[in-house]
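Down below is the structure, laid out as structure tokens.
The values are calculated or read from the model by the stated rules, or taken from the named source; none is laboratory data. All values derive from a computational prediction rather than experimental measurement. Methodologically, a virtual Cβ is constructed for each residue, glycine included, from the backbone with ideal geometry; neighbour enumeration extends over all protein chains shown.
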Amino acid sequence: MRNNTVQTIRQAAMDNVLVTINYIDSKGNFSERLIEPYEIKNGSLFGYCLDKESIRNFKLSKISLVTRTNTRFTPRWAINI
């Protein structure tokens with residue numbers, strides 16, 4: 001995990017801005033997800049995945065790229081970043 005990954009996620013969360021992550025799951029499958037970031041805890045990002053329409057956790061070590069979007073969101077829950 002790179003420090004700038006966490007910083008990008010934290011800043012986006014504080015600004016209520018969506019992030020796009022490139023993620024490799026436990027089976028080695030790659031996916032790109034659009035996320036509302038809510039919390040970073042125990043090495044994981046907890047966020048609402050717009051693609052899956054549910055809250056998900058993503059291991060920070062499995063995120064290969066994070067990109068801040070220009071799209072703002074209205075938080076569904078408290079943001080604990």
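Below, the figures for the structure above:
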| read-out | value |
| --- | --- |
| Residues that are at pLDDT 95 or above, among the hydrophobic types (A, V, I, L, M, F, W, C) and more than 11 Å from ILE81 (Cβ to Cβ), drawn from region 1-23 | VAL17, LEU18, VAL19, ILE21 |
| Scope region 50-65; condition surrounded by 11 or more Cβ atoms within 10 Å (Cβ to Cβ) and part of a strand (DSSP E or B); matching residues | ILE55, ARG56, ASN57, PHE58, LYS59, ILE63, SER64, LEU65 |
| Residue within region 50-59 that is under 10 Å from the mean Cα position of the chain (by Cα) and among the β-branched types (Val, Ile, Thr) present | no |
| Selection within region 7-49 - closer than 12 Å to ARG68 by Cα, without any contact (Cβ under 8 Å) to a residue 24 or more places away in the chain and surrounded by fewer than 14 Cβ atoms within 10 Å (Cβ to Cβ) | GLN7 |
| Residue in region 66-81 that is surrounded by the most Cβ atoms within 10 Å (Cβ to Cβ), counting only those that are in a strand (DSSP E or B) and touching a residue at least 60 places away in the same chain (Cβ under 8 Å) | VAL66 |
